[in-house]
Number of protein chains: 2
Amino acid sequence: MSNRGVLIVLSGPSGVGKGTVRQAIFENYENDFEFSISMTTRGKRPGEVEGKDYFYSSREEFEELIAQDGFLEYAEYVDNLYGTPLKYVEDTLASGRDVFLEIEVQGAKQVQKKMPEGIFVFLVPPNFKELEDRLVHRGSESHELVQQRLSKAVDELRQIRYYDYVVVNDKVSNASRKVKNIIESEHLKVSRNISDFETFIKEME
Amino acid sequence: MSNRGVLIVLSGPSGVGKGTVRQAIFENYENDFEFSISMTTRGKRPGEVEGKDYFYSSREEFEELIAQDGFLEYAEYVDNLYGTPLKYVEDTLASGRDVFLEIEVQGAKQVQKKMPEGIFVFLVPPNFKELEDRLVHRGSESHELVQQRLSKAVDELRQIRYYDYVVVNDKVSNASRKVKNIIESEHLKVSRNISDFETFIKEME
């Protein structure tokens, strides 16, 4: 079917394992979607490939694109800008292919404003204890820093109400299978296929 | 989770293979749902079991239940009444279990009015030719009767716009897997789980 592709946004609190779930989906399933490539102002690292790992740009170019409203979402981390170029996403969706975005809660919020028709999947830890453990064991940070992270995680969890689906990351294999099912089911929505069937019904009359 | 169960309605034009797909779902998957049992005024046949195949009732009792608005849907076929008792469905959903209904398009229309929160899945043939073949090869009926059936099928296909999902019955194994996925994904909707997560977030604060 030549319908428009679907934008899938996988997000969730820091430490929940978004990256691992995304990787499992890309490694274990036959996918008909593109992983969205971000643009960044940080320098290219050895082994990275332009247009595969990132689109590299100068800060000037990046800021010009921001001014032109050219990002689906963007953020600054450690003095570098990272963003999802809107044109790349738009072109891919228009060609009938899905776009898969795995991003932080803040970025997802921006996407919801620009493309509310996307499918927003929120990944959650099986319980708070586990999230705490993951955040604590990340490094040998101070108690204060860990507390800050936890309170940020609670704030992020509150965003769940703005999402379409919630997937518990109890096991990566379960979580990735569920996300994959959600994508497949969304493609079966009548609203995404109605034009095909109107043609079909016309042929029959 | 102790949420309310989900009502799943599988329908589609006559001859599309609803019964076969339903059977495959019940035979090949671990299901957490109840197949809705109809009430009927037709006599019990040898081997049938009350409360398993049907709930048997007199016409009088059945009509009284209609008057009390006690059916989710009902219809008359060959002088016998068949219907889905509302109380049975309500009780099962309230207990947290899903109810699976496989019914004709006319019946599904009645269900949509009474329980619009249900998941309505429309099964379609891979193409018109195949539906025609299935309807033609059902028996040695007259050309006229076959034409009547086809025109009825077109009318039924038009109902697709009132459904949530469309599944092409190209192969029973594909179609049943897709319906199963839809049910699983619907359970992951944030709207069906938000109360659990509100408790979870409260615990964390």
If the cut-off is 17 Å between C-alpha atoms, which lysines fall inside it for B:K171, apart from same-chain ones fewer than 8 positions away? B:K18, B:K129, B:K180
Could you give the C-alpha radius of gyration of the protein assembly as shown expressed as a fraction of 2.2 N^0.38 Å, taking N as the number of residues it contains? 1.18
With both partners inside the protein assembly as shown, how many of the DSSP beta bridges are antiparallel, as a percent to the nearest 5? 30
Compute a Gaussian network model of chain B, connecting alpha carbons closer than 10 Å, and tell me which residue from B:V167, B:V78, B:V99 fluctuates the most. B:V78
Total Lys pairs in the range A:25-127 closer than 19 Å by alpha-carbon, pairs eight or more apart in sequence or interchain only? 5
q = 0.13, 0.14, 0.15, 0.17 Å⁻¹, chain A: log10 I(q)/I(0) [Debye, one scatterer per Cα]: -0.81, -0.92, -1.04, -1.28
If labels are modelled 7 Å from Cα along the Cβ direction, B:A75 lies from its partners in the other copies at nm distances, smallest first, of 5.2
In chain B the DSSP beta bridges are antiparallel at a rate, in percent to nearest 5, of 30
Quick check for me: using +1 on Lys/Arg Cβ and -1 on Asp/Glu Cβ, what's the dipole size of the range A:49-205 about its Cα centre, in debye to the nearest 20? 700
Answer with one residue from B:I25, A:I66, A:G107: the one whose Cα lies farthest towards the positive end of the charge dipole of the protein assembly as shown, charges on Cβ with Lys, Arg +1 and Asp, Glu -1. B:I25
Taking B:E117 in one copy and the same position in all the others, each labelled 7 Å out along Cα→Cβ, what are the pairwise distances from the first, in nm, shortest first? 2.9
Which of A:V168, A:V49, A:V146 fluctuates most in a GNM of chain A (C-alpha springs under 10 Å)? That residue is A:V49
What's the magnitude of the charge dipole for the range B:11-86 around its Cα centre, counting Lys and Arg as +1 and Asp and Glu as -1 at the beta-carbon? Answer in Debye, nearest 20. 340
Given the options A:Q106, A:Q68, A:Q159, state which has the largest fluctuation in a GNM of chain A using a 10 Å cut-off (strictly under) for Cα springs. A:Q68
Largest first, please: the extent of the C-alpha atoms of the range B:13-119 along each principal axis, to the nearest Å. 38, 33, 29
Check B:V167: other-chain or 5+ apart residues with amide H under 5 Å from its amide H, H built from backbone geometry? B:F122, B:L123, B:V124
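Under unit Cβ charges (Lys, Arg +1; Asp, Glu -1), what dipole magnitude, rounded to 20 debye, does the protein assembly as shown have relative to its Cα centre?
Details: 54 positive and 72 negative charges, 68 e Å.
With only Lys, Arg, Asp and Glu charged at Cβ, the dipole is about 320 debye.
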Sorted shortest first, the nm distances from the A:Y162 label point (7 Å along Cα→Cβ) to its counterparts in the other copies are 3.6
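Taken together, the values in this text are just the output of simple stated rules run on the coordinates, not laboratory data. This structure is a prediction, so every number in the text was calculated from the model and none was measured. Note that we place each Cβ from the backbone using ideal geometry, even for glycine, and neighbour counts take in every protein chain shown.
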